[in-house]
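**Student:** One structure is given below, represented as C-alpha cells, and several questions about it will come after.
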Amino acid sequence: MSGSLTTTELDRAHVWHPFTPTDAWFDPKFQPVMIASAHGSVLLDEQGNAYLDGNSSIWTNLHGHNHPAINQAITEQLGRVAHTSYLGLGHGPGSQLGAKLAELFGPDDYRVFYSDDGATAIEAALKITVQHFHQIGQPQRRLFVSLGNGYHGDTVGAMSVGHSTFHTGFFNAMMFPSVEVMQPGCYRCPHNRATPLRDDARQYRQCQWQCLAALEQVLRERGAEVAAVILEPRVQGAAGMVMHPEGYLAKAAKLAKEAGALLILDEVMTGFGRTGKMFAAEQEGVKADLIALAKGLTGGYLPLGATMVREEIFQSYRGPIERTFYHGHSYCGNQLGCAAALASLRLFETENTLKTVQERATHLKQISQIFWQHPNVGDMRQDGLILGIELVEDFATRRPFPFARRIAYHVSERAKKYGLLARGAGNVLILMPPYSTTNGQLEKMVEALYRGLVEELPA
Ligand SMILES: *Cc1c(COP(=O)(O)O)cnc(C)c1O
C-alpha cells in the first residue's frame, strides 16, 4: 500500500525521468515540481504554486493548456471511440487531418504517414526514403547527410542521423553511419572572422558561406550514394537554438536537389507557427520531399507524429505486394490525437494564431534586450517565439562555460522561484512560450529569467 506516501516519494521510489540527471533528482535539497493542473500559459503544482510555462511543455504546447476547443474535440471523439488500428483500417479524424495537412503543404503534392511522436516520424521518413530508392532502381542511394549537432530524436535511426552531444559513446556501435556536415551556426563558426558584438551573430558575421561549401563538397564527392539531406530548418533546437543565417536553407535545398538526393525537413519543433509562419521552410520558400511533424501537431495535447511524403515518392510504393511499406506502430493515427490536431489547426483560423505569434515575437524581442546588460551573454538569437540566449564565461573570446557547469540549468532553476519554468540546453537559456502567453506574461518570463541569471552570475 502506498496511501501514506506523497506523490514525490512515490516518484522517487518508482519512476525514472527522461533527460534528467539521476543524482540531482534525488538531491534532498531539490524539490521536484509536481504539476497538478494548468490553464493557458500557467501551470499549477500540487501546493498551488503558479508557474509560467516558459518552454511550452518541452516545445509542444501552442494555444495554451486546457483550451476549451481542444478539450471539447477530444471529449467528443472519446464519446465515439478512443483508438482503433490504422493497419488496413481507416477513420474520419485520420482522413480529415490528412486532408488538412495536405492543404497546408500544397494539395495533391503530399500524403501523410502517421506515427506517434517526433522520433517515429523521422524513422518513417528515413525508411520510406531508402525503400523508395530501391523501388526506383537506385539502391546505392542509402546514405544520409545531416548537420553537426543536429537532433532528430532518441531512437536508433534518429540518433544515427543526429550528431548530438547527448548521445555519448555508449550507442555508437548500434548506429548506422551517416555523413555529418558543419552546422551553420554563426556565433560558434570557426570561419566567422567578426569580433563579438552585443548582437545576434547572424547579423554581423564575416564569412564566405563555408558551411554551404562543406555541404557542396560532400555532395560533389558522394552525391551518387546520398539518399537524402536531412536537417532542422532554420533552427536547430536541441543544439541550443542554433539559428542558421538567412538563405542557408534555400541554398542547401538547391544543392540536395542538384545532387539527385531528397530533402527531409525535421519540422518537429519549428512546425505549426513557431517561427511566425506555419512552417519554417515557408520563410525561404522551400518545399521538401519529406517533412517530419510532431510536437505541436496536436497543440501539445496528445502524442501524434506525421510524415508528409511527396506524392511521387508514394507512387513508387504502388504495384506488387513487395512494395508494401511494412512499418508502423500500434497507435498510428490515433483518433484522439487526430481530433486534437484538427481542433488545434482550426484555432489557427478562428483565432488568427499566426498574427498573435508575430505580435508576441516582436514584443519578446523588445523586452529581451535587457539581457545584453549582462556581461556573460554572448549571443542572443530569436526566430518567432523561440529565443536562445547563449552564455559565455568570457565575452571577448566567446569562451564557453564548461558543460559540467550546467549553467543554463542553474539559471533556469533559480527562475522557478520567480514563477517561471524554463529549460535551457547546455549554455543556452531558452524561452519558448505558448502562443497564448500575454504580453504581460512575457514580461514576467523575461524578468524571472533575468533575475535567475543575475543571481547565478552576479555581474
Ligand atoms: C523533439 C524533437 C524530435 C524528437 O521528437 P520526440 O517527439 O521527442 O520523439 C525530433 N526533432 C526535433 C527537431 C525535435 O525538436
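The values are calculated or read from the model by the stated rules, or taken from the named source; none is laboratory data. No experiment lies behind these values; they were computed from the predicted model shown. Here Cβ is always computed from backbone atoms with ideal geometry, including for glycine, and neighbour counts include all displayed protein chains. Areas reflect the complete protein model, heavy atoms only, side chains present, ligands, DNA and RNA absent. Shrake-Rupley method; radii C 1.70, N 1.55, O 1.52, S 1.80 Å.
**Student:** Tell me which residues, restricted to the range 145-181, are more than 14 Å from the ligand (Cβ to nearest atom) and either in contact with a strand residue (DSSP E or B) (Cβ under 8 Å, 6 or more places away or on another chain) or in a loop (DSSP other than H, G, I, E, B) (or both).
**Tutor:** Of everything in the range 145-181, those that are more than 14 Å from the ligand (Cβ to nearest atom) and either in contact with a strand residue (DSSP E or B) (Cβ under 8 Å, 6 or more places away or on another chain) or in a loop (DSSP other than H, G, I, E, B) (or both) turn out to be Val145, Gly148, Thr165, Thr168, Met175, Phe176, Pro177, Ser178, Val179, Glu180, Val181.
**Student:** Run Asp200 past the list (1) within 16 Å of the ligand (Cβ to nearest atom); (2) under 15 Å from Arg381 (Cβ atoms); (3) not basic (Lys, Arg) and report the number of the one that doesn't hold.
**Tutor:** Asp200 satisfies all of (1) within 16 Å of the ligand (Cβ to nearest atom); (2) under 15 Å from Arg381 (Cβ atoms); (3) not basic (Lys, Arg) except (1).
**Student:** Additional query: Return yes or no: is Gly260 open to solvent by 10 Å² or more (accessible area, probe 1.4 Å), in contact (Cβ under 8 Å) with a residue 60 or more places away in the chain and either more than 11 Å from the ligand (Cβ to nearest atom) or under 18 Å from the mean Cα position of the chain (by Cα) (or both)?
**Tutor:** Here the answer is yes, as Gly260 does meet what is asked.
**Student:** Could you say which residue among Val226, Val235 is within 20 Å of Glu180 (Cβ to Cβ), at pLDDT 95 or above and within 12 Å of the ligand (Cβ to nearest atom)?
**Tutor:** Working: Val226 fails: within 12 Å of the ligand (Cβ to nearest atom).
That would be Val235, the only listed residue that is within 20 Å of Glu180 (Cβ to Cβ), at pLDDT 95 or above and within 12 Å of the ligand (Cβ to nearest atom).
**Student:** So, one more: From Val15, Val33, which residue is in contact with an Asp or Glu (Cβ under 7 Å, 6 or more places away or on another chain), on the phi < 0 side of the Ramachandran plot and not hydroxyl-bearing (Ser, Thr, Tyr)?
**Tutor:** Val33
**Student:** Go through the range 183-209 and give me each residue that's open to solvent by 50 Å² or more (accessible area, probe 1.4 Å) and either among the hydroxyl-bearing types (Ser, Thr, Tyr) or closer than 23 Å to Ala259 by Cβ (or both).
**Tutor:** The answer is His191, Thr195, Gln208, Trp209.
**Student:** Restricting attention to the range 264-304, which residues are of a type in the set (Gly, Ala, Ser), open to solvent by 10 Å² or more (accessible area, probe 1.4 Å) and within 12 Å of the ligand (Cβ to nearest atom)?
**Tutor:** Gly300
**Student:** Taking the criterion of being out of contact with any helix residue (DSSP H, G or I) (no Cβ under 9 Å at 6 or more places or on another chain), in contact (Cβ under 8 Å) with a residue 12 or more places away in the chain and under 23 Å from Val309 (Cα atoms), would at least one residue in the range 197-219 satisfy it?
**Tutor:** no
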